[in-house]
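Student: Below you'll find the structure I mean.
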């Protein structure tokens, strides 16, 4: 049996990804498909941690643009990620996967507090760990959470699951002539302002040499392909480590 390229990964899921075609809320078919794909890669021996966004329920930036206090709006967004994390946990456990939700904001009745050593121990025991509530601080995105948690648990790669099949020089939905990048260096992402992740997260990945694979989540089986090292999507990292 072919062994996976990566032994410990952080899968970054946007809240919008959980909404499927609905655009809002949680779509059962979509979240069930994601859960099946996660179990498949765990079965290959890969340790999986997940960072989930909350944009399908609430976006802090959008709230602040309407006059809401930015910190309050961001805290609401963190709570939305907890809702998504619990939904994903339920989907995984319904098909037999042992799962833990760890929140950066303590809410002991429904999930564990985030403790780095405990998170690593869960992963070593074969459990899927879902990181909720972002970093626990306003003004930081869940992209930054993915970069921070990856560094803390020594993940080998961030799997950035999106609704497009990689990184383009412009929006491929609005521009049919948009050019896709197969490989990017961190500096290129920052200098060109490409929509991989925000600059804080990209800088954190660069400083800690954490590669990022941006790929299309809507095509079932792509999470496994990324873990196995197949050349899909866009690879962001150092040139010498490119696929």
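Student: Taking the range 104-129, which residues are surrounded by 13 or more Cβ atoms within 10 Å (Cβ to Cβ) and touching a residue at least 60 places away in the same chain (Cβ under 8 Å)?
Tutor: 119, 123, 126, 128, 129
Student: Output the residue which, of all residues in the range 2-19 that are over 16 Å from the mean Cα position of the chain (by Cα) and either at positive phi or at pLDDT 90 or above (or both), is surrounded by the fewest Cβ atoms within 10 Å (Cβ to Cβ). Break it down stepwise before answering.
Tutor: Of the range 2-19, the ones over 16 Å from the mean Cα position of the chain (by Cα) are 2-5, 7.
Filter again for either at positive phi or at pLDDT 90 or above (or both), leaving 3-5, 7.
On the way: 3: 10, 4: 17, 5: 15, 7: 15.
For the range 2-19, the residue satisfying everything is 3.
Student: Among the listed residues 69, 74, 90, identify the single one that is over 19 Å from the mean Cα position of the chain (by Cα) and farther than 21 Å from residue 214 by Cα.
Tutor: On the way: 74 fails: over 19 Å from the mean Cα position of the chain (by Cα); 90 fails: over 19 Å from the mean Cα position of the chain (by Cα).
Exactly one of 69, 74, 90 is over 19 Å from the mean Cα position of the chain (by Cα) and farther than 21 Å from residue 214 by Cα, namely 69.
Student: Which numbered condition in (1) within 25 Å of residue 153 (Cα to Cα); (2) at pLDDT below 90 is the only one that residue 172 fails?
Tutor: Among (1) within 25 Å of residue 153 (Cα to Cα); (2) at pLDDT below 90, the lone unmet condition for residue 172 is (1).
Student: So which residues in the range 39-89 are outside any helix (DSSP H, G or I) and closer than 15 Å to residue 17 by Cα, if there are any at all?
Tutor: 50, 51, 52, 53, 54, 55, 56, 57, 58, 59
Student: Hey, another quick one. Which members of the range 93-118 meet the condition of being under 18 Å from residue 150 (Cα atoms) and either at pLDDT below 95 or over 18 Å from the mean Cα position of the chain (by Cα) (or both)?
Tutor: Selection gives 113, 115, 117, 118.
Student: Could you please find all residues in the range 169-195 being free of Cβ contacts under 8 Å to residues at least 24 places away in the same chain, surrounded by 14 or more Cβ atoms within 10 Å (Cβ to Cβ) and under 16 Å from residue 212 (Cα atoms)?
Tutor: Correct list: 188, 190.
Student: A further question on this structure: Within the range 1-38, track down each residue that is assigned to a loop (DSSP other than H, G, I, E, B), within 24 Å of residue 60 (Cα to Cα) and in contact with a helix residue (DSSP H, G or I) (Cβ under 7 Å, 6 or more places away or on another chain). Quick ask: steps written out before the conclusion?
Tutor: As a first pass, look at the range 1-38 and keep what is assigned to a loop (DSSP other than H, G, I, E, B): 1-7, 14, 20-27.
This time we only want the ones that are within 24 Å of residue 60 (Cα to Cα), so: 14, 20-27.
Matches in the range 1-38: 20, 25, 26, 27.
Student: Looking at the range 20-42, which of its residues are within 13 Å of residue 53 (Cα to Cα) and modelled with pLDDT of 90 or more?
Tutor: At the first step, the residues of the range 20-42 found to be within 13 Å of residue 53 (Cα to Cα) are 24-26.
Those that are within 13 Å of residue 53 (Cα to Cα) and modelled with pLDDT of 90 or more: 25, 26.
Student: If you don't mind, there's one more thing I want to ask. Only one of these is touching a residue at least 40 places away in the same chain (Cβ under 8 Å) and surrounded by 19 or more Cβ atoms within 10 Å (Cβ to Cβ): 52, 101. Name it. Step through it out loud before you land on a result.
Tutor: Working: 101 fails: touching a residue at least 40 places away in the same chain (Cβ under 8 Å).
None of the others qualify; the one that does is 52.
Student: Follow-up. Return the residues of the range 111-143 that are in a loop (DSSP other than H, G, I, E, B), over 28 Å from residue 200 (Cβ atoms) and touching a strand residue (DSSP E or B) at 6+ places or on another chain (Cβ under 8 Å); say none if nothing qualifies. Walk me through how you get there before you give the answer.
Tutor: Within the range 111-143, the subset in a loop (DSSP other than H, G, I, E, B) is 111, 114-115, 125-127, 133-141.
If we keep only those that are over 28 Å from residue 200 (Cβ atoms) as well, we get 125-127.
Scanning the range 111-143 gives 126, 127.
Student: With (1) touching a helix residue (DSSP H, G or I) at 6+ places or on another chain (Cβ under 6 Å); (2) surrounded by 19 or more Cβ atoms within 10 Å (Cβ to Cβ) as the list, and residue 233 as the residue in question, which single condition is left unmet?
Tutor: (1)
Student: Just a yes or no: is a residue in the range 56-76 within 21 Å of residue 219 (Cα to Cα) and crowded, with 23+ Cβ neighbours inside 10 Å? Give the derivation first.
Tutor: To start, the set of residues in the range 56-76 that are within 21 Å of residue 219 (Cα to Cα) comprises 56.
Remaining after also requiring crowded, with 23+ Cβ neighbours inside 10 Å: 56.
Checked against the condition, which is being within 21 Å of residue 219 (Cα to Cα) and crowded, with 23+ Cβ neighbours inside 10 Å, the range 56-76 yields at least one hit.
The values are calculated or read from the model by the stated rules, or taken from the named source; none is laboratory data. What you see is a predicted model, and the numbers here were worked out from it, not measured in a lab. Positions of Cβ are generated from backbone atoms using ideal geometry, with glycine treated the same way; all protein chains shown enter the neighbour counts.
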